[in-house]
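Here's the structure, in structure tokens; my notes come after.
The values are calculated or read from the model by the stated rules, or taken from the named source; none is laboratory data. Computed from a predicted model, the values in this text were never measured in an experiment. All Cβ positions, even for glycine, are placed from backbone atoms using ideal geometry, and neighbour counts span all protein chains on display. Accessible surface is based on the protein model in full, side chains and every heavy atom, while ligands, DNA and RNA are left aside. Shrake-Rupley method; radii C 1.70, N 1.55, O 1.52, S 1.80 Å.
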2 protein chains.
Amino acid sequence: MIQITNSNMAVTAIARDVPELAAWIRGRSRSALREMVSLASRADLISLAGGLPDPALFPTRDYARALAESLASDGAALQYRPSFEPLKRQVAELMAERGAPCHADQILLTTGAQQAITIAVSLLLERRGRVVVEDVTYAGLAEAIAPFRPEVLTVRTDLSSGMDVDAVARLAADGLRPAFVYAIPDGHNPCGVTMSLAKRRQLVNVARRHQIPIVEDDPYGLLSYGAAPLPPLRALDQDWVFYLGTFSKTIAPALRLGWMVLPADLVGRAQIVKEAGDLESSSLTQRAVSAYLDTGRFQAHIRALREVYRLRRDTLLKALETHFPPAARWTCPESGFFVWVELPPDIDCTTLLDAAIQEERVAFVPGEVFAMGAQRASNAMRLSFATCASDAIEEGVRRLSRLLARRIPRD
Amino acid sequence: MIQITNSNMAVTAIARDVPELAAWIRGRSRSALREMVSLASRADLISLAGGLPDPALFPTRDYARALAESLASDGAALQYRPSFEPLKRQVAELMAERGAPCHADQILLTTGAQQAITIAVSLLLERRGRVVVEDVTYAGLAEAIAPFRPEVLTVRTDLSSGMDVDAVARLAADGLRPAFVYAIPDGHNPCGVTMSLAKRRQLVNVARRHQIPIVEDDPYGLLSYGAAPLPPLRALDQDWVFYLGTFSKTIAPALRLGWMVLPADLVGRAQIVKEAGDLESSSLTQRAVSAYLDTGRFQAHIRALREVYRLRRDTLLKALETHFPPAARWTCPESGFFVWVELPPDIDCTTLLDAAIQEERVAFVPGEVFAMGAQRASNAMRLSFATCASDAIEEGVRRLSRLLARRIPRD
């Protein structure tokens, strides 16, 4: 309601004034994550863009039943409540299945893994502090650290063995003492690479020797397609690894339910940070997820997900082999949703995306969305094999290859 | 997994080392908010403690139906999704009913009002920046600003007309330029006071003249018990007021669904902050709440809530009048859940709470939980009339008055 006065000048001045924003947010106006979700939601495209699980694979009926039962059986299921202890015990059992046993009292339930990232950051990072990240990594990490205006130290990612841990060791030996190292050892987003066991051991040893916490982001840990998944970092160390898990990729994103497994004595402080963020994660959702896990159907569901996603991965890899130009290289993921494709250096994938949407009705995420520090990854793209069925994946790759054929000479 | 070596000294050293935490969290280990929820959840007490709506009043069946319908009708209701636009339009209609019309595109959906507070804080507050708050106010605000280690400037709260806006004007005239002023004009938590219309106008004028944003926290705005609720601050200004609303008190807390109404051009930036916090609020919940609002039953539900809570307020006030010592003073709330009771200065309500639980099985929240700055409010308590039925409220007050009778001479 603008007060109309005799002075139009005054009214104009009032209308032009805006609150002074905190410095970190002033220059920012767009969100790459949000744009990815919008892109992936468009029905007129074949989207290999979003990191979205396939909703046709959600255990929707089982979850609907669990919700209805929780509401019917507990008159306070919609109330503010302390964390639901049975669910923490069930998460502890999942952690054991994941190869990283823990106690229920080391677990903090969170509103998805993104909130868990934010909590870890808030616990560990000082303003203008240092963090070590890979030079292409999950874009939500960049969003979580942005308000701290940190010094971001980057290390390379080898596309077959993961993070350059030697580089981390050198940074640590130089006495740089980062607040934490952020790692996605399994189903790396965006690179789809699995960190080798040797590197896992080395990274944990560096963390111990130099007293550097590791934030291990593991949204895809239960979605492994090989015979013998490697142990998470948390299995190798309990004092320096902050483990982050989520039900978003294994049950459904709209649960907004994840968890942290924390070093001893930090759960109480993490709880304070969590509470400042949103008081608590939905008590109804906690009860419904617990009821669903109680049915014992989750294990068979995970096996089915692994089977379907493995086939889609194989479809994507075969289609790339068949259709993509010889100059392209890509990763072969052992878990997660993503294949990382590198094209010749003169191909700019950000402008290529516009052409892909306009000319071929297909979408991907340009590599630069994940770029930290000096690396730009402008000639790379992330392809997801999770959201679309196999025929759409094949057709999507055919469309992309037509687009590339018009830009890359065949030899 | 602790490596066993030949050197016990080394093992001990590893076990003792812990990650270095950010400075703001090092000294903190308990959460007053969490303790309140735990206290309010104890079945062996009459609790006048928590700010918890009565679960018997939740529209549980209607919401269960809305959830089931949303899951059945939308195959991607559990997916990552852009904000549900129909819900934003419905929130805009609620804002009009609340007396503060806005456009749907000025709304950001949030994971409850607590997340909305955190977003406003992150947008506006610099590290070591200044904020203006009342010297007793909602404890979740203190949690949200703590990581910034701000300079907290406090103003008094008059128990019949609300915030001392003259004091705010003086701070502003002194050129102190706080990042924002935090206000709860209706159903003040913990004081239960309504800010007078004159003070609302004055506060908005101070904000405009000195270009100071106001964060208006309005969780109880729709729960008013008088004939003619006053306009929210947002109705008096659209450029400087950040309005925060929530369904937690009118539908149910476990929705974890709230909203902000923002000055023009800030929604995009607020979205970035929100996304860093938890990506998005549950798409299923957004659809289910929208479906519930679509039934048209929300308005009758709100009228019923007002009726019940008004009767409980009256019961609490009458019981205080009947049983409490003459030396006690308390507020008469026009909206919200809370009555603020001030006792003689020598009564310490924090130690009194232990006695109340032990001797009389009754709980309240000691005033010091809400104290900011120099004020300690040690002789005050917050009583909630929302959670318990009238007979329990009466019995709770009788128990408290027995406790006080053993401590306060009758004349």
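Okay, here's what the table says:
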item: Scope the range A:358-370; condition aliphatic (A, V, I, L, M) and open to solvent by 20 Å² or more (accessible area, probe 1.4 Å); matching residues; result: A:VAL369
item: Members of the range A:167-212 that are under 20 Å from A:ALA371 (Cα atoms), open to solvent by 10 Å² or more (accessible area, probe 1.4 Å) and assigned to a helix (DSSP H, G or I); result: A:ALA167, A:LEU171
item: Every residue from the range A:106-128 that is of a type outside the set (A, V, I, L, M) and open to solvent by less than 40 Å² (accessible area, probe 1.4 Å); result: A:GLN106, A:THR110, A:THR111, A:GLY112, A:GLN114, A:GLN115, A:SER122
item: Pick from the range A:22-32, criterion open to solvent by 20 Å² or more (accessible area, probe 1.4 Å) and part of a helix (DSSP H, G or I), ranking: farthest from A:PRO150 (Cα to Cα); result: A:ALA32
item: Failed item, numbered, when A:SER290 is tested on (1) at the interface with chain B (Cβ under 8 Å from one of its Cβ atoms); (2) over 21 Å from the mean Cα position of the chain (by Cα); (3) part of a helix (DSSP H, G or I); result: (1)
item: Residue identified as surrounded by fewer than 21 Cβ atoms within 10 Å (Cβ to Cβ) and small (Gly, Ala, Ser) among A:SER384, A:SER390; result: A:SER390
item: The range B:318-347, residues that are closer than 22 Å to B:ARG407 by Cβ and part of a helix (DSSP H, G or I); result: B:ALA319, B:LEU320, B:GLU321, B:THR322, B:HIS323
item: Residue within the range B:93-105 that is among the charged types (D, E, K, R), buried (at least 19 other Cβ atoms within 10 Å of the Cβ), more than 11 Å from chain A (Cβ to nearest Cβ) and in a helix (DSSP H, G or I) present; result: no
item: Conditions (1) open to solvent by 20 Å² or more (accessible area, probe 1.4 Å); (2) within 7 Å of chain A (Cβ to nearest Cβ); (3) touching a residue at least 60 places away in the same chain (Cβ under 8 Å): number failed by B:LEU57; result: (2)
item: Residue within the range A:302-315 that is more than 14 Å from chain B (Cβ to nearest Cβ) and closer than 21 Å to A:ASP158 by Cα present; result: yes
item: Residue selected from the range A:252-285 under the condition buried (at least 24 other Cβ atoms within 10 Å of the Cβ) and more than 8 Å from chain B (Cβ to nearest Cβ), by the criterion nearest to A:ILE212 (Cα to Cα); result: A:LEU262
item: Only listed residue being closer than 21 Å to A:HIS210 by Cβ, modelled with pLDDT of 95 or more and open to solvent by less than 40 Å² (accessible area, probe 1.4 Å), chosen from A:VAL132, A:VAL152, A:VAL136; result: A:VAL132
item: Selection within the range B:61-76 - hydrophobic (A, V, I, L, M, F, W, C), more than 25 Å from A:ALA32 (Cβ to Cβ) and within 7 Å of another protein chain (Cβ to nearest Cβ); result: B:ALA64, B:LEU67, B:ALA68, B:LEU71
item: Unmet requirement for B:ALA228, which otherwise passes all of (1) in contact with an Asp or Glu (Cβ under 6 Å, 6 or more places away or on another chain); (2) at pLDDT below 95; result: (1)
item: Conditions (1) part of a helix (DSSP H, G or I); (2) more than 9 Å from chain A (Cβ to nearest Cβ); (3) of a type outside the set (Phe, Trp, Tyr); (4) surrounded by 17 or more Cβ atoms within 10 Å (Cβ to Cβ); number of the one not met by B:ALA49; result: (1)
item: Failed condition for B:ALA254, given (1) farther than 30 Å from A:ASP74 by Cβ; (2) part of a helix (DSSP H, G or I); result: (1)
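One line per residue, one yes/no per condition, for (1) open to solvent by less than 20 Å² (accessible area, probe 1.4 Å); (2) modelled with pLDDT under 95:
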site	(1), (2)
A:PRO333	yes, no
A:PHE337	yes, no
A:TRP340	yes, no
A:LEU343	yes, no
A:THR350	no, yes
A:ASN379	no, no
A:GLU395	no, no
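The rows are residues; the columns are (1) in contact with a strand residue (DSSP E or B) (Cβ under 6 Å, 6 or more places away or on another chain); (2) not charged (D, E, K, R).
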| position | (1), (2) |
| --- | --- |
| A:PRO19 | no, yes |
| A:GLU35 | no, no |
| A:LEU39 | yes, yes |
| A:ASP54 | no, no |
| A:TYR63 | no, yes |
| A:ALA66 | no, yes |
| A:PRO86 | no, yes |
| A:PRO101 | no, yes |
